[in-house]
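Report on one structure; see the data block that follows.
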Amino acid sequence: KLVGEDFFEAAAGIFIADHPPRAACLDLYGAELPPFLERFEPAQRLAYLPEVARLEWAYQEALVAAEAAVFPREAFMALPEEAHPRLCFAFAPSVRYVCSAYPVTALWDANRRAEADGATVDLSAGGEQVLMDRAAGGVRLRALGAGEGAMVEAILAGQSLAAVLATVEAVDAACNPVAFLYELIESGRIDRFRRD
């Protein structure tokens, strides 16, 4: 719907010829599509297209990722408070983070629903930061504010809790990182931790 059947078939044919599958599992095929679209000359006027492809690939990865572990609450609760700043948290296997300069979820959503024919999306609406993971019933998406996005990036970078909190404070003093951390744990998006 974003580009029409002719454009899609032509682009897909070139992509497949340049990037043939390396494994028999098609669930793992397509990671190279977003950078391919960035270089694909006919898509240059559609700067948002690689971003939507990144969102779709993240969705696919979340869908087929390994199961999450159960967060070790008892071990976490048994830690003395002075140990908390040095803890490093990790996301469950299905968690994916997408940061885009475009309203990619609006583009994606408007073009995947049958009733969205003729829907328009304001490309000047600004970018989005999105966290997604597999949950009961499929993949769920969680829009992030600036501080939450900075927190996700810091956790993905392996920063300690003290560093994560400092990063969030520098980006968005209004963000409540402790509440967001609790949400990430309770939702199963964070499934483990280690001491730095």
### Query
Spin-label point model (7 Å from Cα, Cβ direction): what's the Arg112 to Ala162 distance in nm?
4.1
### Query
Mind listing the phi-derived Karplus ³J(HN,Hα) values for the stretch 51-61, rounded to whole Hz, using 6.51, -1.76 and 1.60 with θ = phi - 60°, and x for any glycine or proline?
5, 5, 5, 4, 4, 5, 5, 4, 4, 4, 4
### Summary
Of Cys25, Cys175, Cys88, the most mobile residue in a GNM of the chain (C-alpha springs, cutoff 10 Å) is Cys25
### Query
Taking +1 at the Cβ of each Lys and Arg and -1 at the Cβ of each Asp and Glu, which of Cys25, Ala47, Ala106 sits farthest along the dipole of the chain towards its positive end, judged by Cα position relative to the Cα centre?
Cys25
### Query
Using a Gaussian network model of the chain with C-alpha springs under 10 Å, which one of Ala157, Ala53, Ala31 is most mobile by mean-square fluctuation?
Ala157
### Query
For the stretch 18-87, what size does the Cα cloud have along each of its three principal axes, sorted from largest down, in whole Å?
58, 31, 15
### Query
Expressed as a rounded percentage, what relative contact order does the stretch 122-178 have, with Cα pairs under 8 Å and six or more residues apart?
28
### Query
Add -39500 (n - 2.57) for each DSSP H run of 4 or more in the chain, then divide by its residues: what number comes out at 222 nm, to the nearest 500 deg cm²/dmol?
-12500 deg cm²/dmol
#### Entry: In sequence order, calculated HN-Hα J values of the stretch 76-81 (Karplus, 6.51, -1.76, 1.60; Hz; x Gly/Pro)
5, 5, 7, 6, x, 4
## Note on the structure
Using a 1.4 Å probe on heavy atoms of the protein chains only, the accessible area for Val168 in Å², nearest 10, reads 0
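Need one word for the stretch 133-196: rounded, prolate or oblate. Basis is the Cα gyration tensor (sqrt eigenvalues a ≥ b ≥ c); a/c below 1.5 gives rounded, then a/b vs b/c decides.
oblate
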### Query
Which semi-axis lengths, in whole Å and largest first, follow from the square roots of five times the eigenvalues of the Cα gyration tensor of the stretch 50-100?
32, 14, 5
### Task
Would you mind checking which residues have amide H under 5 Å from Leu87's amide H? H placed 1.01 Å from N; only 5 or more apart, or other chain.
Leu161, Ala162, Asp196
### Query
Out of the stretch 1-55, which GluC sites (Glu not before Pro) are coil in DSSP terms and have no more than 13 other C-beta atoms within 10 Å?
Glu32
### Query
Got a sec to turn the phi values of the stretch 145-155 into Karplus ³J(HN,Hα) couplings, 6.51 cos²θ - 1.76 cosθ + 1.60 with θ = phi - 60°, whole Hz, x for Gly and Pro?
x, 4, x, 5, x, 5, 5, 4, 4, 5, 5
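The values are calculated or read from the model by the stated rules, or taken from the named source; none is laboratory data. Nothing here was measured: the structure is a model prediction, and the numbers come from that model. Here Cβ is always computed from backbone atoms with ideal geometry, including for glycine, and neighbour counts include all displayed protein chains. Accessible surface is based on the protein model in full, side chains and every heavy atom, while ligands, DNA and RNA are left aside. Shrake-Rupley method; radii C 1.70, N 1.55, O 1.52, S 1.80 Å.
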